[in-house]
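Down below is the structure, laid out as structure tokens.
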């Protein structure tokens, strides 16, 4: 038990942030924290209210989806998390929420267009939306296939540069170099989704941000010569 | 008084959750808790602010709408509650709110289309909307007829599988195997209603969720081989 | 000073509810409480933040707009309040807010259509919207003329039955038999305004509530045989 | 350090108000406070969460963008602040936020039309929106050029009378005779932006406020014979 203490504490702490940031109600949503050295991740147990969660109730799994510690059933989305850890090198946290506006775009099966610098501060293209899943994927190993659907949508897109996606008809997944960063990305995505919703209401023909401005904002936070932050 | 103590405490506790979950302002809305063994339900007194409610102020009624305990007048919607308890076997809680987005759909006299998995996690079809009531029903025993209107809308729909409805021009009613579950359903309904409102703003021609995805999500939480929760 | 103590305490208490109910930010909005025996009302001082208000800072005025007690300048809208007290018998409280959705309808110069029972529980017709003021009224005694514009809009409407109005291009005024009831009406109006906004987004051609349902809901709360409340 | 103590405390206090007023999440947004006698301003350090900020962490800069006190890197938007202090006489506070509705208008590259008296109470024209920046400005000294873009948009507009602007594709900047007033303006702008968004949803052809009403409301708060406030 001692071996995964810090990982379970981190997973618990970040899961409890989901309702505090207004990203889901009741038991919706889940966060996992990954330890690359041990190749395991700690994830929320399925259907447990955020207020009742403790580090001890977290479930530790390896990348083959075998539970290595924990007495509760893991989040039903655990296999999607492991699929992303296997496919996207360097990510140490995955978050799934049903945040209202991001989910509204996912339900509309539309990527979120890049309309402003708030968006470009975090990623340099629209927020991708997967294709709807094919029936055989849905009837197969659904949660693993959800991961595959995301991976498919990232052909030609760097998951280190674009840390968020909309799963069509479902909702958002985000990730990052830590569980905390993945959660931050979920909150940013919800804000971007809300702003874009309002912008298209003001002008349904609104045009995307021009490339020079995308580059400027993305690079000043993320480029080789970034000058944002300490 | 002792006989209904637990029931009244449960009704009071769940009523007080209505404003905490943001489902109604002032005295709008009401929750009842049903005891199938005694065939009575405890319901909010009419027009009493949530902050002032106590278990003692709850009104206990039988299914013929006779008050069996309590000195206050019951919620004016009590007869709708009893109609649902009489008609829908196995439900032990009923909730009525005027939550903003669900009521907006009810005022538009539109069922809420099933657009995403958040919806399908809870029910496998659109949220039904009753027909507007006929004048003779309105002028008759209005609150009982409101129940009848709901029951009419559920011909061919299982009230154990679909635990929510919009009463046209009025607002939502939800129910469940406990008052707590009925209240949970009210909060879920409001969230589904808000997401659907935003999705049709993004794409007015948005198409419903495909059947395979509806089945998958509904079954993984509610089917014989459900694997959600503990 | 003792003579108006209770009136000033009531005015202060209700003014402080404006930000708590989310009806205005900073110093926007104002409440007055009227004493029909003394024919004076206590109103918020102009431009004082709600957090700093005390009963002592309230301004007491008679119906000729003469300050009878208080060292601060009264709300700039005080003359609108007195015009309503003079014209509408039996009202003992007036509230003006800039609540977001009610103001949005006022800015659109549109009455709020009666679309549901939440609305009909409180008034049996649309929420009236005044005509835009004529230039000579604006350049004259503006705040008194604002009252006159409201009174003009109520030709043929009972201010005892319809306790709210939108002043075109400006925002809502509400009133009632007490300051507390007037404030309640402001919160109800904002909720009605939000629901109606969302309903017309769902169906731009949404039809008003039928008369039999308007009558039923209004009468069960306000008619001779009302059975809502205790 | 003692020389700038009060200025840094004021900058810290107003920065911490940004999340309290709901104007930005995480580290988005920044406030500076200017001392006209010393010709320096104190500004938020870059990328530091609001909860962790202290007066000591504020960065003091002169109008040539030289840091005169502080060990942290200043906000990446500091040069926009200094450009505004240099160009607009009499302003002693500048605020930049990514508040949701104001940013939505900025992303739509649209000025906010003047639709009601809430707006006219604060400025007598639409909220200006800059032109999108030219590529050579973006690739040059971007943050200074952002200030220049604002200054360009204010040809013929008094920055003492209109204390807010939308930077196209980016978001709002506001200012005022103090940092507190500049922050107040940011909250007012967000409220105006939300009301206008809702008004155009109610009536896409809504017409602007008539000039006589604009003059009346602006003058009663700001004119030579103003009678609002104490």
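No lab work stands behind these numbers, since they all come straight from the coordinates. These figures come from a predicted structure and were not determined experimentally. For neighbour counting, all protein chains shown are included, and Cβ atoms are generated from backbone atoms with ideal geometry for every residue, glycine included.
Things to note:
- Most to least packed among A:125-131, A:174-180 [average Cβ atoms within 10 Å]: A:174-180, A:125-131
- Rounded to the nearest angstrom and listed largest first, the equivalent-ellipsoid semi-axes of chain D from its Cα gyration tensor are 29, 19, 17.
- Across peptide B:198-210, the mean count of Cβ atoms from other chains lying within 10 Å of each residue's own Cβ comes to 6.
- Ordering of D:52-63, A:36-47, B:162-173 by packing [mean C-beta count within 10 Å, highest first]: B:162-173, A:36-47, D:52-63
- Separation of region D:141-194 and region A:176-230, taken as the distance between their Cα centroids, equals 21 angstrom.
- Over chain A: helical MRE at 222 nm, DSSP H runs n ≥ 4 each giving -39500 (n - 2.57), nearest 500: -12000 deg cm²/dmol
- Of all chain A residues, the closest to the A-onto-B rotation axis by Cβ, with that distance in whole Å, is A:201, 5.
- In this simple spin-label model, placing a label point 7 Å from the Cα along the Cα-to-Cβ direction at both residue D:222 and residue C:178 gives a separation of 4.1 nm.
- A crude spin-label estimate for the pair residue B:207 and residue D:66, with each label 7 Å from Cα along the Cβ direction, gives 6.6 nm.
- The value of relative contact order for region A:70-147, using C-alpha pairs under 8 Å at least six residues apart, is 39 percent.
- Relative compactness, the protein assembly as shown, computed as alpha-carbon Rg over 2.2 N^0.38 Å: 0.98
- Projected over all directions and averaged, the alpha-carbon convex hull of region D:41-158 occupies 8.9 nm².
- Relative contact order for region B:47-90, counting Cα pairs under 8 Å that sit 6 or more residues apart, in percent: 31 percent
- Here is how far apart the residue C:210 label points are across copies: 4.1, 4.1, 5.8 nm, shortest first, using a point 7 Å from Cα toward Cβ.
- Ordered by the number of other Cβ atoms lying within 10 Å of each residue's own Cβ, fewest first, B:98, A:81 fall into the sequence B:98, A:81.
- Label-point separation, residue B:20 to residue C:26 (7 Å along Cα→Cβ), nm: 3.6 nm
- Proxy reagent accessibility, fewest Cβ within 10 Å first, across D:189, D:21, C:23: D:21, C:23, D:189
- Crossing angle, helix B:78-87 versus chain B [Cα axis fit, 0-90 degrees, rounded to tens]: 60 degrees
- Share of Cα-Cα pairs in region B:102-203 lying beyond 19 Å, as whole percent: 41 percent
- Amide N proximity, region A:32-50 versus residue B:230 label position 7 Å along Cα-to-Cβ, cut-off under 18 Å: A:42-50
- Chain D: angle of helix D:211-222 to the longest principal axis, Cα-based, in degrees nearest 10: 40 degrees
- Nearest 10 degrees, 0 to 90: helix B:142-153 Cα axis against chain B principal axis: 30 degrees
- Ranked from shortest, the separations from the 7 Å Cα-to-Cβ label point of residue D:62 to its equivalents in the other copies are 6.4, 6.4, 9.1 nm.
- Within 10 Å of the Cβ of each residue in D:105-115, the mean number of Cβ atoms contributed by other protein chains is 6.
- Counting Cβ atoms of other protein chains within 10 Å of each Cβ in C:24-31 and taking the mean gives 3.
- Computed on region B:1-157, with alpha-carbon pairs under 8 angstrom and 6+ residues apart, the relative contact order is 20 percent.
- Inter-part distance where region A:1-22 and region D:87-124 are each reduced to a Cα centre, Å: 40 Å
- Label point 7 Å beyond Cα along the C-beta direction, distances from residue B:155 to other copies (nm, shortest first): 5.1, 5.1, 7.2
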